[in-house]
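What follows is a short report on a single structure.
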Amino acid sequence: KDSNLLWKYMKQAHHDLDIAADGRIYAMLHTIVTSPWPGLERIETPFVDDQIVVLSSDGEELATVSVMEAIQNSKYQSLLMYASLGQRKGDLLHVNSITWLDEAMASALPNAVEGDVLISLRNLDVLAVLDIEKRVIKWAVRGPWRLQHDPDVLANGRLLLFDNRGDMKN
């Protein structure tokens with residue numbers, strides 16, 4: 001409150017963060033991939049790999065999880081067929097939101113448990129639940145939304161998000 005720096009984290013986090021009940025901080029990072037990605041050799045380099053970083057309440061890095069690897073390690077790996085450098089300037093996924101799931105929020109999402117995170121992958125038009133410990137996507141959905149931001153799990157179990165483009169059929 002007195003503007004005294006308690007700690008700092010020097011990697012470039014972006015867009016969003018969330019704080020778990022125990023004080024751990026969940027944020028997003030970018031890593032530039034310069035070598036062909038195994039299984040995605042069709043995608044020219046360089047491109048961005050989004051990562052989720054978990055920090056202790058005093059700024060110590062506890063875990064870093066590649067979102068690309070988490071998708072590849074899951075039954076949702078076919079989502080990567082939508083990854084294209086076409087108009088994305090190397091930003092294949094563009095993870096733009098992260099929410100740490102408490103018990104109530106997790107119970108509203110398929111396969112989720114407390115401690116997982118809900119992420120928004122804007123450039124794939126996907127919402128996903130990521131298991132940080134197992135480094136895998138446990139659930140994902142593409143909806144009629146496009147380039148979404150800021151998904152929230154409401155008390156009634158529904159999802160609310162900002163839809164940048166809407167259902168293009170209407």
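Considering the convex hull of the alpha carbon atoms of the range 1-102, report its projected area averaged over all viewing directions, in nm², one decimal. Working shown, then result.
Numbers: hull surface 32.5 nm².
Approximately 8.1 nm², given one-decimal rounding.
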Quiz item: In what order, largest first, do 3, 56 sit by accessible area if the probe radius is 1.4 Å?
Solution: 3, 56
Practice problem: Measure of size requested: the Rg and Dmax of the range 1-46, with Cα atoms as the atom set and Å as the unit; please supply both. | Solution: 16.7, 51
Quiz item: Taking N as the number of residues in the range 121-163, what is its Cα Rg relative to 2.2 N^0.38 Å?
Solution: 1.21
Practice problem: Using a 1.4 angstrom probe on heavy atoms only, work out the carbon and sulfur share of the accessible area of the chain in %. | Solution: 49
Quiz item: Cα centroids of the range 114-155 and the range 39-62: how far apart, whole angstrom?
Solution: 16
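Ratio to report: Rg/Rh of the chain, with Cα atoms as the point set and Rh obtained by the Kirkwood method; give two decimals. Working shown, then result.
Values: Rg = 16.1 Å, Rh = 16.7 Å.
Here Rg/Rh amounts to 0.97.
Considering all projection directions equally, how large on average is the shadow of the alpha-carbon convex hull of the range 81-170, in square nanometres? Could the numbers behind the result be given before it?
Details: hull surface 25.5 nm².
Mean projected area of the Cα convex hull: 6.4 nm².
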Practice problem: At 1.4 Å probe size, with no ligands or nucleic acids counted, give the accessible surface of residue 8 in Å², nearest ten. | Solution: 140
Self-check item: In Å², nearest 10: area of residue 43 left accessible to a 1.4 Å probe
Solution: 10
Quiz item: Taking N as the number of residues in the range 67-129, what is its alpha-carbon radius of gyration divided by 2.2 N^0.38 Å?
Solution: 1.19
Practice problem: At 7 Å along the Cα-to-beta-carbon direction for both residue 13 and residue 111, put a label point, then send me their distance in nm to one decimal. | Solution: 2.7
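The values are calculated or read from the model by the stated rules, or taken from the named source; none is laboratory data. Bear in mind that the values here come from a model prediction, so they are computed numbers and not experimental data. Ideal geometry is used to build each Cβ from the backbone, glycine not excepted, and the neighbour counts take in all protein chains shown. Side chains are part of the model used for accessible areas, which takes the heavy atoms of the whole protein and leaves out ligands, DNA and RNA. Shrake-Rupley method; radii C 1.70, N 1.55, O 1.52, S 1.80 Å.
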